[in-house]
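A short worksheet on the structure shown next.
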Amino acid sequence: VGIVATPIWCKVAIKLGKKVVLSASMVLLILSYLYASLLTPEYSGFRELLALQILNILGGGCMMTFAPAMLSEIVDYSTLKYRAENTASFYALFMFVGKFTLAVGGGLGLAIAGWYGLDATTTAQTAEGVAGLLIGMAWLPMIFILIGLVLIVLSPIDNRRHGIIRRRLDSRSVSRNANVLAVIENRAMA
């Protein structure tokens, strides 16, 4: 699903923009968490779990592809505004936060389920244990993705604005290169 969907997401991003595609992927992730919270062991079989996995892969795979692409636009804006190249710092922070979120988020989700009484060694769970599992593995992640979605939607950088940023950076680069060439020519003539 991910291999088939990624080129399609890319074509949609070219037409509608990365911001729209990233927002759509986050909506799919929210739907996958909502759907997961509705599943029950008695009524969930292969088809239901397959549908959940497809939703999750469509949203998560796209988000993992386009979040760094959106970050590159933020890096360009920072470079334009502050006249400093901080790409490595942005990506290092991005990777750290991503890995931290995966490590802490998974552990915290299971800890919350455990605090509610989930016992992984039994075949039947208490209502409190199931509630803890839903809170830690569906509802909290859904809330955090929703917060991220709001932040993406509120981001002022879209295709048009990023085009303006790129043109300004490129013109700055051309003028800087012309200045360097002039200095080299002056030194050569001296």
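The values are calculated or read from the model by the stated rules, or taken from the named source; none is laboratory data. This one's a predicted model, so the numbers in the text were calculated from it and none came from an experiment. Note that each Cβ is placed from the backbone with ideal geometry, even for glycine, and that neighbours are counted across all protein chains shown. These area figures cover heavy atoms from the full protein model, side chains too; ligands, DNA and RNA do not enter into them. Shrake-Rupley method; radii C 1.70, N 1.55, O 1.52, S 1.80 Å.
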Just to be sure I understand the model, the point goes 7 Å from the Cα along the line to the Cβ. What's the resulting V12 to L102 distance in nm? 2.3 nm
Cα coordinate range in the range 60-190, projected on the principal axes (Å, largest first): 86, 29, 22
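Using a 1.4 Å probe, what is the accessible area per residue for the chain, in Å²? All intermediate terms of the calculation are to be shown ahead of the outcome.
Numbers: 12730 Å² over 190 residues.
Normalised by residue count, the accessible surface of the chain is 67 Å².
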Contact order normalised by residue count of the chain, Cα under 8 Å, 6+ apart, percent: 27 percent
Applying a 10 Å radius around every beta-carbon, put 163-169, 52-58, 7-13, 82-88 in order of their mean neighbour count, most first. 52-58, 7-13, 163-169, 82-88
By Kyte-Doolittle mean hydropathy of at least 1.0 and Cα axial length of at least 27 Å, which whole DSSP H helices of the chain are selected? 18-38, 87-115
Rounded to a whole %, the carbon-and-sulfur portion of the accessible area of the range 20-86 at a 1.4 Å probe is 69 percent
